[in-house]
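These notes are about the structure you will find just below.
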Amino acid sequence: MSMLKDPSSKYRAFPTIDIPDRTWPSKTITTAPIWCSSDLRDGNQSLIEPMDAAKKLRFWKTLVAVGVKEIEASFPAASQTDFDFVRTLIEDNHIPEDTTIQVLTQGREDLIARTFESLRGAKKAIVHLYNATSPSFRRIVFNQDKDGIKAIAVNAAKLFVKYAAQQPETQWTFEYSPETFSATELEFAKEVCDAVIEVWNPTPEHKMILNLPATVECATPNIYADQIEWFGRHINRRDSVIISLHTHNDRGTGVAATELGLMAGADRVEGCLFGNGERTGNVDLVTVALNMYTQGLDPQLDFSDIDGVRKVVEECNQIQVHPRHPYVGDLVHTAFSGSHQDAIRKGFSQQKDDALWEVPYLPIDPADIGRSYEAVIRVNSQSGKGGIAYLLEQEYDISLPRRMQIEFSQVVQAETDRVGLEMTAPQIYALLQREYLQANTPYALVSHRLQEENGNSFVEVEVSGKGQGETNLHWKGKGNGALEALVAGLPIGVEIMDYNEHAIGAGTNAKAAAYIELRVNGERPVHGVGIDENITTASFKALFSALNRSLSQLEAKAA
Ligand SMILES: CC(=O)SCCNC(=O)CCNC(=O)[C@H](O)C(C)(C)COP(=O)(O)OP(=O)(O)OC[C@H]1O[C@@H](n2cnc3c(N)ncnc32)[C@H](O)[C@@H]1OP(=O)(O)O
Ligand SMILES: CC(C)C(=O)C(=O)O
């Protein structure tokens, strides 16, 4: 094999479908399909360790809670575990009235007999027959010509009728899959399916299911859509047939193929939660459903606790969901990068409760699927001021003025660059404390006295600090307001460039936050922050914070 100069010569392009008047490209999906989960069958058969009975039951209950109404529970003839699971569901009444159990079998009589046996006593059931129809499977696996392949399907279909008749207490629905449909000549797929239709004789009142698998995804999704549209136009008794999609994800386009297949007229979708299944998986039912949701269409499945569902699926399958997996991955509602955070923060502040969802970079409101907003913005070295400001607002009720956001983001940036790690909200707050709230040198405010007289403010402050020796300093000043009086009393020339304040919290526990931008001796302005129960004290603390930071920076510059 390695001798081949160009290995791609081993493969060939999938031919296009001759359907020039195709209609699906201009369709949209307007109704939710019938959903069928194959987690307990196609998903289960792909696991390193297939689920035991307890796990299968837990998974089954989760699917029922999500609202999946048709659930392929097993391949009962494959193993005693699979057979017994079907018995448990029936005998212990785990199948709600509005839910139908589905099982799969090959077209061999011993397997069919055992399959029907497993369903004894079920109120209703879907029995699913498959055999592969594509040229390579005909040649390689079955060593049969087209007639031989059709005969497998027709003979098995007849056996279905025979065995179903022996259990008339059950309301039967039959499903046929021309396995490898997407790699089968369309005329031949139709021929086999028409032959099965003849045997099962469905009616508009009692339909059968024709499931059209992309058993191995082998072409672009538009080809699959063409195949589905062609099939729907040509199959006999279309009104008595439910057309079902069953895609895999070998080319990474299982979701796209399913969506285009629905636009092409299919009625039903088989798949697995979070895309488990053979090789690269079956189509992910969650993504298809939530994609509909984000188009304003109710998918009729409940993923309002998506993390709860994920937990069950991960524990049963023993496979972790990827952090980038659409909708459910740990990181998919998270923005680290500055410009994204800025846009998200602005989006949140403008988003009205009942308005169309328009928060940039978030295709879905995380709250709709049970996620909090906590993980939406996370800060690392790629982050900007918006994300930092957002976290302080959300977690600590602290709203930094715009120019201070810019200044503080440089402090955070230096820290994230230094440690090379993400910074959590508590770590950012600790940095704010260290940098601003605890900026106590060289001057720490010990106490202050404020007097108002005839529109004038008189301030006396007691100041201590490193380098002041044992004796505290006392500075006095007079001005039009408290801050002006304090500035007048300082022995250093300062100029207040900007002042902001706001409440933190409400009621008796409320505090005040004050922010001051201060220019010392005509140098570059520097910010300070003060937090206190008393707004005047908060503003004085903010002034000392700015003064100390500025003096420290000047000292560092001079050194
Ligand atoms: C695409 C899919 O996911 S299809 C579902 C696949 N899932 C599974 O196979 C899981 C469960 N299967 C099993 O446990 C086993 O395959 C069993 C118990 C069903 C059968 O096991 P075995 O009797 O050992 O047969 P095995 O699986 O090897 O089947 C191969 C034979 O069945 C034939 N066969 C394969 N598929 C079908 C079919 N759909 N209908 C009729 N015959 C078939 C093959 O041609 C082959 O025949 P040969 O022995 O004459 O060459
Ligand atoms: C049995 C069929 C539907 C199947 O699982 C497949 O083709 O992938």
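Only the coordinates and a few stated rules stand behind these numbers; no lab work does. None of the values given here were measured: they were computed from a predicted structure. When we count neighbours, we look across all protein chains shown, and the Cβ atoms used for this are built from the backbone with ideal geometry, even at glycine.
Model label points for R449 and Q45, set 7 angstrom from Cα along the Cα-to-Cβ axis, are 9.0 nm apart. Close amide-amide hydrogen proximity is noted between T100 and E70, I71, each under 5 Å apart and 5 or more residues distant or on a separate chain (H modeled in the peptide plane; Pro and chain starts excluded).
Within the shell defined by Cβ-Cβ distances under 15 Å, the residues around I29 carry a net charge of -2, with Lys and Arg each +1 and Asp and Glu each -1. By the scheme Lys and Arg +1, Asp and Glu -1, what is the net charge of all other residues having a beta-carbon under 15 Å from that of G370? Around G370, the charge tally is -4.
Peptides 265-278, 5-18 ranked from most to least packed, by the mean per-residue count of other Cβ atoms within 10 Å: 265-278, 5-18. Charging the Cβ of each Asp and Glu at -1 and of each Lys and Arg at +1, and nothing else, the dipole of the chain about its Cα centre rounds to 920 debye. Expressed as a fraction of 2.2 N^0.38 Å, the C-alpha radius of gyration for region 343-468 is 1.44. Taking the number of Cβ atoms within 10 Å of each Cβ as an exposure proxy, the fewest-first ranking of S550, S545, S349 is S349, S550, S545. Ordering 499-511, 481-493 by mean Cβ neighbour count within 10 Å, with the highest value first, yields 481-493, 499-511. Would you work out which of Y11, I197, A512 lies farthest towards the positive end of the dipole of the chain? Charges go on Cβ: Lys and Arg +1, Asp and Glu -1. Ranked along the dipole, the leading option is Y11.
For the cross-link pairs K123/K190; K124/K150; K55/K162; K346/K541; K346/K385; K56/K311, the ones whose C-alpha atoms lie over 23 Å apart are K123/K190; K124/K150; K55/K162; K346/K541. Among 312-324, 157-169, sorting by the average number of other beta carbon atoms lying within 10 angstrom of each residue, highest first, gives 312-324, 157-169.
Farthest toward the positive end of the dipole of the chain, out of I95, N454, T31, is the Cα of T31, where the dipole comes from beta carbon charges about the Cα centre. When DSSP beta bridges are limited to those with both residues in the chain, what percentage is antiparallel, rounded to the nearest 5? The antiparallel proportion sits near 50 percent. In plain terms, the residue of V64, V286, V419, V461 with the fewest other Cβ atoms within 10 Å comes first and the most crowded comes last, giving V419, V64, V461, V286. Rounded to the nearest 20, the size of the Cβ-charge dipole of region 21-317 about its Cα centre is 400 debye, with Lys and Arg at +1 and Asp and Glu at -1. Each of H128, H325 was scored by other Cβ atoms within 10 Å of its Cβ. Arranged with the fewest first, they read H325, H128. Residue by residue, region 103-108 carries 3J(HN,Hα) couplings of 9, 10, 8, 6, x, 9 Hz when phi is fed to the Karplus relation 6.51 cos²θ - 1.76 cosθ + 1.60 (θ = phi - 60°); x denotes Gly or Pro.
For the chain, the mean residue ellipticity at 222 nm estimated from helices alone is -11500 deg cm²/dmol, where every DSSP H run of n ≥ 4 contributes -39500 (n - 2.57) and the total is divided by all residues, rounded to the nearest 500. For a straight C-alpha distance cut-off of 14 angstrom, the aspartates and glutamates reachable from K478 (same-chain residues fewer than eight places away being disregarded) are E452, E453, E460.
Placing unit charges on each Cβ (+1 for Lys and Arg, -1 for Asp and Glu) gives the chain a dipole about its Cα centre, and among N282, N548, T170 the Cα reaching farthest toward its positive end belongs to N282. If R0 is taken as 35 Å, the Cβ-Cβ distance between K162 and R58 corresponds to a FRET efficiency of 0.50.
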